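Data block below; observations after.
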Amino acid sequence: MDLDAEIQALARSKMVLLLRRYYGIRDERVLSAMEKIQRHLFIPEAFRDGADPYGDHPCPIGWGQTISQPYIVAYMTEKIAPQPSETVLEIGTGSGYQAAVLAELGASVFSVEIIPELAEHARAVLASQGYDQVKVRCGDGREGWPGAMPFDIIIGTCAPEEIPDPLVEQLAEGGRMILPVGRRIQQLVILRRKGRRLLQENALSVRFVPMV
Ligand code: SAH
């Protein structure tokens, strides 16, 4: 391994140590996916200089956007517990990192990003890392992805003021949705579809970029 690769690998181990020991993330599949995925490659090259991609904070990816803090990625993924061969809809592809974590767990991922340059970047880095089971579409995620529904999991990484109806309609029986909801103060909301009922749980208070 060259020196750079070795330094990145150490930074990943430290990140995972913190997730496990400080933040209490337990799901070994999530931890090993995050230990493996080269998060630094998901930062567009123009923004990599001086970035701290494995630090305990969100990381700028350009166009005013960020990859979520590693803890938030781990927490959301652990909460929805994707199983191999499940189908996931992600709103807000951004860098593509969260999509890679989901794909690493064996899910098929349909991800929507509204900024064309980020959609293009994410597509390229996901392909270069061999994640063929991720499809990225540029458009408004509020509409979901009708052609690929229903979804076992819907994950939002930008915050609407209210959950858009099409997303609820595209959630499969037994499916779960996790996304930040609210304007300035946001709550991470988890919805589970049980028959005709929707069970709602409010988790952490968070700050994500708005769903535009
Ligand atoms: N999951 C991303 C984090 C992205 S930040 C990652 O792992 O890197 C949130 C993203 O949501 C931004 O890229 C932003 O452009 C996008 N976004 C905001 N509103 C959107 C909308 N209506 N539809 C799709 N994407 C949207």
Label zone at Gln38 (point 7 Å along Cα-to-Cβ), backbone N below 19 Å, region 68-104: 95-104
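According to the square roots a ≥ b ≥ c of the eigenvalues of the Cα gyration tensor, what is the shape class of region 52-115, taking rounded for a/c under 1.5, prolate for a/b larger than b/c otherwise, and oblate for the remainder? Spell out each step's value before the answer.
Numbers: a/c = 2.50, a/b = 1.40, b/c = 1.79.
Here region 52-115 falls in the oblate category.
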Phi to ³J(HN,Hα) by Karplus 6.51 cos²θ - 1.76 cosθ + 1.60 over region 98-105, Hz, x for Gly, Pro: 4, 4, 5, 4, 5, 5, 4, 7
Eligible lysines near Lys194 by straight Cα distance, threshold 28 Å, same-chain separation 8 or greater: Lys79, Lys135
Residue-normalised accessible area of the chain, given per residue in Å² at a 1.4 Å probe: 49 Å²
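Looking at the calculated P(r) for region 3-206, what percent of the C-alpha pair distances fall above 20 Å? Intermediate values should be presented prior to the final figure.
Details: 11226 of 20706 pairs.
Taking all Cα-Cα pairs of region 3-206, the fraction more than 20 Å apart is 54 percent.
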Carbon plus sulfur fraction of accessible area for region 99-175, probe 1.4 Å, in percent: 49 percent
Derived scalar couplings ³J(HN,Hα) [region 35-47; Karplus, 6.51 cos²θ - 1.76 cosθ + 1.60; whole Hz; x for Gly, Pro]: 6, 8, 5, 7, 3, 4, 5, 7, 7, x, 3, 4, 10
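Report the Stokes-Einstein translational diffusion coefficient (µm² s⁻¹, integer) for region 15-55, Rh taken as the Kirkwood radius over Cα pairs, at 4 °C with viscosity 1.567 mPa s. Spell out each step's value before the answer.
Values: Rh = 11.3 Å.
Answer from the Stokes-Einstein relation: 115 µm²/s.
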DSSP bridge pairs, the chain: antiparallel proportion in percent, nearest 5: 45 percent
With every protein chain in place, region 58-97: carbon and sulfur % of accessible area (1.4 Å): 56 percent
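The values are calculated or read from the model by the stated rules, or taken from the named source; none is laboratory data. Quantities reported herein were computed from a predicted structural model and do not represent experimental measurements. Quick reminder, even Gly has a Cβ in these numbers, built from the backbone with ideal geometry, and neighbours come from all protein chains shown. Surface areas here come from the heavy atoms of the whole protein model, side chains and all, with no ligands, DNA or RNA. Shrake-Rupley method; radii C 1.70, N 1.55, O 1.52, S 1.80 Å.
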